[in-house]
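Below is one structure, written out as structure tokens; the observations come after it.
The values are calculated or read from the model by the stated rules, or taken from the named source; none is laboratory data. Owing to the predicted nature of the structure, the values given are computational and were not obtained by experimental measurement. With ideal geometry, Cβ positions are generated from the backbone for all residues, glycine too; neighbour counts draw on all protein chains shown.
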Amino acid sequence: MIARLSLTLLACFALLAGCRPRDDYIYTVSAPPASYTLGAGDQIRVIVFDQDQVTGLYFVDASGKISVPLVGNVRAAHRTTQQVERAIAARLRAQDIIKEPRVSAEVVLYRPYFILGEVSAPGKYQFNAGLTVEKAVATAGGYTIYADKYRIRITRQEGGELVTIPALPFDVVRPGDSVFIEERWF
């Protein structure tokens, strides 16, 4: 009887040990990658040297474009800042405004991210570099008492497709991501 009880307890402890979070998980905290593609809601600073009329701050609108004086609408969505620089330079050359334009573009304000589910204040929040799921939860007022801290999903755009991936508290959140904290069952 005691041997059977000991064996049962040992089996329960072995099962519970497999339920804890992974220790071998590699945590990464970083800014958006250099290959970050722009999207609606991003704000960029464009500098065209020796051309103050074009230099300025531009929001990527819902159609994915920025409206640049002397140049017109330039597609920015799904492009990197380097690609936007080249597109503006090409337009300036084509319209014979500047023969050899020097254009620089940088992201000033990233599009917001969303956090939903079992957090105190779900909603839309401004993205900051180095954002992790844990920091996003803290910004949203913390977990509710019903939150399952290890059942988290992130939905994001990757390569033009919407993908949903499982996440842990120290996973990186990118601009435009939707983070969903699941409800626990007990």
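Points to keep in mind about this one:
- Candidates S63, S6, S67 - the one that is among the polar types (S, T, N, Q) and either at pLDDT below 55 or within 17 Å of the chain's Cα centre (by Cα) (or both): S6
- Number of the exception - V60 against (1) of a type outside the set (S, T, N, Q); (2) within 30 Å of R184 (Cα to Cα); (3) buried (at least 20 other Cβ atoms within 10 Å of the Cβ): (2)
- Of the strands (runs of 3 or more DSSP E) lying entirely inside the stretch 79-139, none contains at least 3 residues that are in the same structural domain as I154 (by TED's automatic domain parsing) and of a type in the set (D, E).
- Boolean, A77 is among the aliphatic types (A, V, I, L, M), at pLDDT below 95, surrounded by 15 or more Cβ atoms within 10 Å (Cβ to Cβ) and within 16 Å of I44 (Cβ to Cβ): yes
- The stretch 133-152, residues that are crowded, with 20+ Cβ neighbours inside 10 Å and within 24 Å of Q43 (Cβ to Cβ): A136, A140
- All positions within the stretch 150-178 that are under 19 Å from Y36 (Cα atoms) and assigned to a strand (DSSP E or B): I154, T155, R156, Q157, E158, E161, L162, V163, T164, I165, V172, S178
- If you filter the stretch 85-111 down to residues that are within 20 Å of R174 (Cα to Cα) and surrounded by 15 or more Cβ atoms within 10 Å (Cβ to Cβ), you find that the one that is farthest from the chain's Cα centre (by Cα) is A105.
- The set of residues in the stretch 112-129 being surrounded by fewer than 19 Cβ atoms within 10 Å (Cβ to Cβ) and touching a helix residue (DSSP H, G or I) at 6+ places or on another chain (Cβ under 7 Å) consists of Y125 alone.
- Any chance I181 is of a type outside the set (D, E, K, R), more than 22 Å from G41 (Cα to Cα) and touching a Gly at 6+ places or on another chain (Cβ under 6 Å): yes
- When the stretch 168-186 is filtered for residues that are more than 13 Å from the chain's Cα centre (by Cα) and within 26 Å of H78 (Cβ to Cβ), only F180 remains.
- Inter-residue pairs, beta-carbon under 8 Å, first farther than 20 Å from R174 by Cβ and in the stretch 133-160, second of a type in the set (S, T, Y) and not in a helix (DSSP H, G or I), 6+ apart: G141/S120; G142/S120; Y143/S120; T144/S120; K149/Y143
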